[in-house]
Amino acid sequence: MPGKRANPRAIKLHRTYSVEEAADALDVHKNSVRGWRKDGLTAIDNGRPVLFQGSVLRAFLEQRNASRKRPCRPGTLYCFRCREPRAPALGMVDWTPINARTGNLKALCGTCETIMHRRARRDALTTIMPGLNVQIAEGSSRLKGEPIPSLNCDMTKED
């Protein structure tokens, strides 16, 4: 399982970094930086200590992070089990509102039958899920304003 992504903005462009300095700045292990060198990160020269130009290091990390992204095209949701954007099974999608404008799309993956989720605005549902049957559900009820208190409550009404 891959670790967390290193933040390229932690690297200053006009500075040189040793392996240890780059690891400290990015909050990763120094062996990670050495592994990036094997993956294509170029050093300034072949001398010791190994030094990296900040602009080269930042460009390498930005390219590495961008290659991992899997943007969802219209009509797809991201499946965490398949690790790919997939079309919903049977073209059925549920939209549950969070507030007046936004909500969550929920559908089953057509390949592995895992539940997939995607955040969407209500007015953009036709562009995000074109030609699919989107069922708009009611939002979940809030505890505030409910006539019956929670069953976990120790408070009893005394008359």
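Here are some notes:
- Flag for Leu41 being surrounded by 14 or more Cβ atoms within 10 Å (Cβ to Cβ) and within 20 Å of the chain's Cα centre (by Cα): no
- Selection from the stretch 11-24 of residues that are out of contact with any Lys or Arg (no Cβ under 7 Å at 6 or more places or on another chain) and open to solvent by less than 40 Å² (accessible area, probe 1.4 Å): Tyr17, Ser18, Ala22
- Answer from Arg70, Arg81 - the residue that is modelled with pLDDT of 85 or more, over 13 Å from Leu132 (Cβ atoms) and either of a type in the set (D, E, K, R) or open to solvent by 30 Å² or more (accessible area, probe 1.4 Å) (or both): Arg81
- Restricting the stretch 28-67 to residues that are aliphatic (A, V, I, L, M) and part of a loop (DSSP other than H, G, I, E, B), the residue that is nearest to Arg9 (Cα to Cα): Val28
- Looking across the stretch 8-27, the residues that are of a type in the set (Val, Ile, Thr) and outside any helix (DSSP H, G or I) come down to Ile11, Thr16.
- Of all the criteria given as (1) touching an Asp or Glu at 6+ places or on another chain (Cβ under 8 Å); (2) of a type outside the set (Asp, Glu); (3) in a strand (DSSP E or B), the one not satisfied by Arg70 is (3).
- Residue match in the stretch 44-51 (condition: surrounded by 15 or more Cβ atoms within 10 Å (Cβ to Cβ) and more than 30 Å from Val134 (Cα to Cα)): yes
- Residue list for the stretch 40-82, restricted to those being of a type outside the set (A, V, I, L, M, F, W, C) and farther than 25 Å from Asp27 by Cβ: Asp45, Asn46, Gly47, Pro71, Arg73, Pro74, Gly75, Thr76, Tyr78, Arg81
- Taken over the stretch 93-137, the criterion of being touching a Pro at 6+ places or on another chain (Cβ under 8 Å), open to solvent by 40 Å² or more (accessible area, probe 1.4 Å) and either without any contact (Cβ under 8 Å) to a residue 40 or more places away in the chain or not in a loop (DSSP other than H, G, I, E, B) (or both) is satisfied by Leu108, Gly110, Arg122, Thr127, Ile136.
The values are calculated or read from the model by the stated rules, or taken from the named source; none is laboratory data. This one's a predicted model, so the numbers in the text were calculated from it and none came from an experiment. Here the Cβ is made from the backbone with ideal geometry for all residues, glycine too, and neighbour counts use every protein chain on show. These area figures cover heavy atoms from the full protein model, side chains too; ligands, DNA and RNA do not enter into them. Shrake-Rupley method; radii C 1.70, N 1.55, O 1.52, S 1.80 Å.
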